[in-house]
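Trainee: Sharing a structure below in structure tokens format, with a few things to ask.
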Amino acid sequence: MKRMTKLFQVAELQVQYLPTLAVGSRITIPEDAVSILKDFYDYKTIFLQEQFIVVYLNRALRPIGVYKATTGGINSSIIDVIS
């Protein structure tokens, strides 16, 4: 039986959060979230593509980060809840 050889070597990545900005005000109503998210949408394509953007909150409901998870087509955006 032949021995399998490694074809690729890859480096391990680590992602970390280092806050550089002051934490914002609390999100208590949907309009608070809209005021944060509107700065992250591309208004030139907002009617052409679905976008899924995540707002990360701390335990006090203050935003600590925003991540554009996926951009889809005209009527859907695929979200993988596992990752």
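Trainee: Work out how much length ALA60 to ASN75 would gain on full extension: take 0.36 nm times their residue separation and subtract the Cα-Cα distance, in nm to one decimal.
Mentor: Working: separation 15, 0.36 × 15 = 5.40 nm, distance 3.36 nm.
Extra length from ALA60 to ASN75 when fully extended: 2.0 nm.
Trainee: Over the range 30-71, calculate the relative contact order: mean separation of alpha carbon pairs under 8 Å at least 6 apart, over the residue count, as a percent.
Mentor: Details: 36 pairs, mean separation 13.4, N = 42.
Result for the range 30-71 is 32 percent.
Trainee: Right, here's the next one. Explain nothing, just compute: Karplus ³J(HN,Hα) = 6.51 cos²θ - 1.76 cosθ + 1.60, θ = phi - 60°, for every residue of the range 28-41 in order, whole Hz, x for Gly and Pro.
Mentor: 10, 9, x, 5, 5, 5, 4, 5, 7, 5, 4, 6, 9, 8
Trainee: Also, I was wondering about something else. Once phi is turned into θ = phi - 60°, what whole-Hz ³J(HN,Hα) does the Karplus curve with 6.51, -1.76 and 1.60 give for every residue of the range 56-67, x standing for Gly and Pro?
Mentor: Each residue of the range 56-67 in turn: 8, 10, 8, 5, 8, 6, 9, x, 10, x, 9, 9 Hz.
Trainee: On to the next question. With a 10 Å Cβ neighbour count serving as the proxy for reagent exposure, in which order, fewest first, do TYR43, TYR56 appear?
Mentor: TYR43, TYR56
Trainee: Counting only residues 5 or more places away or on other chains, whose amide H sits under 5 Å from the amide H of ILE53 once H atoms are built in the peptide plane?
Mentor: Excluding prolines and chain starts, which carry no amide H, the hits are ALA69.
Trainee: With a Förster radius of 22 Å, plug the Cβ-Cβ distance of GLN51 and ILE29 into 1/(1 + (r/R0)^6) and report the FRET value to the nearest 0.05.
Mentor: Efficiency for this residue pair is about 0.55.
Since every read-out is calculated from the coordinates, none of them should be taken as a lab result. Note that the structure is predicted; figures quoted are calculated from it, not measured. Every residue, glycine among them, receives a Cβ derived from its backbone with ideal geometry; neighbour counts consider all protein chains shown.
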